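Nothing in this text is a laboratory measurement; each read-out follows from the coordinates by a stated rule. Just so it is clear, the model here is predicted, and its values are computed rather than measured. Heads up, the Cβs are rebuilt from the backbone with ideal geometry, glycines too, and the neighbour counts pull from every protein chain shown.
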């Protein structure tokens, strides 16, 4: 007997079972689709004050479009465009890429988050869905800051047993100028500190200064 004849001779219950199995397999395959696929790219290290870029690429495997918000959180307060939150329409054939510029003087823990939300006038004709699960994804990375943009050293010259002169030498290890304030003091232990400050009237006009305002380096020298 040919397979076609066997199919027609099968009972209605068997046909219903076969249909349910097919639907179950199809549903299982659809359930494996991810609503959000997020890839975060950021350098692992940077110099103090150096501007680095964080790149966040967002994709979806769902056939429907969604309204998403992409944002950044850090372990220390940040100012400026870094706090900007993007709102965009994400579709299977239209992945989105977002960028942030980061500038800090100390090691920073950075978390990038993407969430599906409900907002009008973002997707064409407001055709967008909100899936039951998988609507929030976050990525975390650390930006390590190298503390060597400048160095300080203290030297002394003894004039007599009760008098000496102290010199604080600050060395710029970068290829751009910096405006630095210096201070030192003490009696038996001399502590010298150099801090990068902002002053456009110090460097020659038009000279681009290295952006590391607030960065400090200290050293100490004991005198007996």
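Brief remarks on what is shown
- Expected-Rg normalisation [2.2 N^0.38 Å, Cα atoms] applied to the stretch 34-146: 1.14
- Burial ranking of peptide ranges 61-70, 43-52, 123-132 (average Cβ count within 10 Å, highest at the top): 61-70, 43-52, 123-132
- Shape category assigned to the stretch 150-222 from the gyration tensor of Cα positions, a/c cut at 1.5: prolate
- Value of relative contact order over the stretch 82-224, rounded to a whole percent, pairs C-alpha under 8 Å and six or more apart: 18 percent
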